[in-house]
1. Here are SER409, SER326, SER437: which of them is at pLDDT below 85 and hydroxyl-bearing (Ser, Thr, Tyr)?
2. Looking for something among the polar types (S, T, N, Q), in a strand (DSSP E or B) and buried (at least 18 other Cβ atoms within 10 Å of the Cβ) - is there at least one such residue anywhere in region 789-796?
3. Evaluate the following for SER661: is it more than 25 Å from SER713 (Cα to Cα), open to solvent by less than 30 Å² (accessible area, probe 1.4 Å) and assigned to a strand (DSSP E or B)?
4. Output the residues belonging to region 832-857 that are under 40 Å from the mean Cα position of the chain (by Cα) and at pLDDT below 90.
5. Tell me, please, whether a residue that is at positive phi and among the acidic types (Asp, Glu) can be found in region 88-107.
6. Looking at LEU473, LEU400, LEU457, LEU426, can you tell me which residue is open to solvent by 30 Å² or more (accessible area, probe 1.4 Å) and within 16 Å of SER310 (Cβ to Cβ)?
7. All but one of (1) farther than 30 Å from SER720 by Cβ; (2) exposed (fewer than 13 other Cβ atoms within 10 Å of the Cβ) hold for ILE608; state the number of the condition that does not hold.
8. Assuming ASN693 fulfils every condition listed in (1) at pLDDT 90 or above; (2) over 25 Å from TRP222 (Cα atoms); (3) not hydroxyl-bearing (Ser, Thr, Tyr) apart from one, which condition is it?
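The values are calculated or read from the model by the stated rules, or taken from the named source; none is laboratory data. Computed from a predicted structure; not experimentally measured. As a convention, Cβ positions derive from the backbone with ideal geometry for all residues, glycine included, and neighbour counts pool all protein chains shown. What goes into the accessible areas is simple: the full protein's heavy atoms, side chains included, and nothing from ligands, DNA or RNA. Shrake-Rupley method; radii C 1.70, N 1.55, O 1.52, S 1.80 Å.
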Amino acid sequence: MENLNCIGKVKCCMQIVRVKFSFFLKGLFLIFILCTFFKLEVQAQNTDEKKRLPFIYDEIPVHVIVEGYNNFSVDAICTKDKLLYVNIEDLFKTLNIPCIVGQERNSLGGFIEKESRIYSINYDTKQIKIDARIIDTKNGLVKEMGTLYMETSLFAEAFGITLAFNYRVLTIILKSNFELPVIKELRIEKMRNNLSKLKGEVIVDTILQRAYHLFRFGTLDWSVTSAQTGNRSTDNHFGLGIGTELLYGEANLSVNHYDRQKFDNRQLQYLWRWVDNDKSIIKQAQVGIISTQTISFINAPIIGAIIRNSPTTLRKATGYYTINESTEPNWTVELYINNVMVDYTKADASGLYVFKVPIVYGYTTLKLKFYGPLGEEHTEERTINVPYTVMPANEFEYGLSGGIVQDSSSSRFGKAEFNYGVNRILTVGGGLEYLSSIPNSTFIPYLTATIQPFSKLTLHTEYAYGVKTRGLLDYYFRKDVLLEVDYTKYVEGQLATLFNALEERKVKLSIPFRYNKMTGYVKLDYAQFINKTFDYNQANIMFSTYYKQISANSSTQLNWIDRKSPNVTSDIALSYRLKNGYTVRPSTQYDASKNIFTTYKAAIEKSIPKGYFSISYEKNILANVNLINLSFKYDLSFTRTNVSASYSKDNVYISESAQGSLALGSGNKYIYHSNNSSMSKGGISFYPFLDLNQNGIFDEDEHLVKLSSIRISGGRVIFSKKDSILRIPDLNTFTNYVVEFNDNDLDNIAWRFKKKIYQVLIDPNQFKRIDIPIIPVGEVSGMTYMNNDNSLKGIGRILVKFYKRNSDKVIAETLSESDGYIYYMGLEPGEYSARVDSVQLNNLYFTVDHQQINFTIKKSEEGDIVGGIRFYIE
């Protein structure tokens, strides 16, 4: 029994073991099935993942360099094989290439180079269509997190855009076989800006017009000269000029007194001038000693008045004409058009100077100022009659002037004139001039016409009843070779001018040249004057050249009557600059008719800091006179001084002179002093201040900000060590100047200029005060997180916009960086809200935990800092 029981127990145990083993096998089989299924599922998932992104990658920002455009950054994907996939949407939008993304963000299309070259990119079919071509690519197009990427080599194949990627510095050099739209727009914008500058139009954010005053004293010019000759008495000259604003206009009064002459009103100069270019009927008016172009010969000042509707601004037309005249050797000559200096030059060894004058629209006045190397300055400005007037199409200008001539008979003068632009080519004009001192005809009606079919050719005709008929032709061969033909026929017996000839014929040919390092100028002049009984002829051949430190000039003059032998004289002058600051200038004159040299002259000049010294010797052979001259000039900040001594025929002549100017009213009891004239000039005083309450007003509890840089065209900035006021003196009155400020010039990174580009109209004879508000701005920072299965990770390229509180107007925006970091600096003090761009959220099928986050930028001199802005995206 026991054995049976044992056998039974054994059988029972074996049965249990079989059952358990069966369950074990079944469990192993189940585990095997589950593992196999899981493995297949993982493999399937991995296969799907590989189908979606067949590589391991890193998201990186890369730097893009485009020649002729500002550098920028785009997001890209870089593989372990160093292949680069660029965000095509961002790249094309930055380059202004038309780019439209499909609703499902699976396609992208537009046109490249021109509207007929249409392209499309399909991320589902992996195809690029451009023109009639289709480019199939398996791994060249990638979509990741709603962003469309394309491999760099495809840009060249499809669009002709080469992206050369440098992996070490993460930089792309972009080139194209066509002009990129952004480069084209910059080129066109530059051309428009240049054209706007020529027209006097500038894009600015702040325009400051005239500030009118009944009276304001501002500038003062002074000069003193004393001369002694042997044992004779001393001659003294005193000059004083006062510049003010009177009755809303510029008023200048100057007195030149010579102690050996009886004072008369011709030593007194005065002029009141009013200008407002925004008016339509009268834009400028003058009262006092006026200057105007006349047909009659008037050799005395005119006391009277002028009104015009022509602006004082320079409106550039097409074409040029040339002025070539003579002054003293090495003198500096300044050219003014409508009281605005447009150019300057230096006379050569013989005194020749040349200006290529641009033709401007409307009535034009030309003035020349002369400055000698020893401090000489011509106080009399030479006014040149402009040969013709050109007007824009359908524009009309007039001028009325009248007064009393300061001659022996106190002649009465009056003139009415007009000019009208018929079209782009033709300008017609005319008027009536009156002068009571003309015996036979006091009234002179006249007509003019100017034709300019193209910029290199100008034809002007003029008819003055009872006086003359004139024709003038200017034609430029090539670029700078000018032919000028001038013919005038005078009415026999006319007394309006002092010209007694019946006809005047002139031909001028001006030829500038350049050969290697040699530049020069050739001028050929011929004039013939037809009289009743004889013809008088003049000819001049001039040659001027520069080569390194050598300047040479040769001029030959021929004069003859009818067919008689000409009288020929030649002048030769040389100038050589030595390296140690010395200049040697020998010159001579030769009379070819008598075959003798008439004069010799030699001068040695030495430039020193702020000064100039010269010694010269001249021999006049015909008069048997020797002249020795010593001169010394020295400039101080407030005055220009000059001492000279001459010796000739046992006579000694000595002179001393000094001149300078003062300008008041620039702030903080500062007096600007100069060794040049300040009359008829203006200035600007800038007060840059920290505007804590943002009201744009310099309040008592706010302080000035020191600047070390400012940009202005045509002005010199004075940075005072005693205060932070920026002063710009010696500016042309009634003229607009553009001044630019840059945030990078501020010492604090949190400071910003409220306005950066100012257009300032200069007030006469005074400094114009302008307060420049500087605002301390705040910065905001935070993070954008992707919430995925309760794990947070920073997400890049999320667009965050900033709004004024309770407003839908976007103030600023920024993209989160690759790690999700948000940062923006430049918000003025105030209440704001931050929002993630809803359009981007919809395109990516994302949601955000907060629609907006409110924050406040507080007022702080150093700029407020706000952190902790966080958006959680799912």
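1. Numbers: SER409 fails: at pLDDT below 85; SER437 fails: at pLDDT below 85.
After ruling out the rest, the residue left standing is SER326.
2. Kept after step one, since they are among the polar types (S, T, N, Q), are these residues of region 789-796: 790-791.
When the remaining residues are screened for being in a strand (DSSP E or B), the result is 791.
Subset that is buried (at least 18 other Cβ atoms within 10 Å of the Cβ): none.
Checked region 789-796: no residue is among the polar types (S, T, N, Q), in a strand (DSSP E or B) and buried (at least 18 other Cβ atoms within 10 Å of the Cβ).
3. Numbers: more than 25 Å from SER713 (Cα to Cα): no; open to solvent by less than 30 Å² (accessible area, probe 1.4 Å): yes; assigned to a strand (DSSP E or B): yes.
No.
4. Residue satisfying the conditions is ASP837 alone.
5. So in region 88-107, the residues at positive phi come out as 96, 105.
Among the residues that remain, those that are also among the acidic types (Asp, Glu) are: none.
Among the residues of region 88-107, not one is at positive phi and among the acidic types (Asp, Glu), which makes the answer no.
6. Details: LEU473 fails: within 16 Å of SER310 (Cβ to Cβ); LEU457 fails: within 16 Å of SER310 (Cβ to Cβ); LEU426 fails: within 16 Å of SER310 (Cβ to Cβ).
Just a single option satisfies the conditions, and that option is LEU400.
7. Among (1) farther than 30 Å from SER720 by Cβ; (2) exposed (fewer than 13 other Cβ atoms within 10 Å of the Cβ), ILE608 violates only (1).
8. Every listed condition holds for ASN693 apart from (1).
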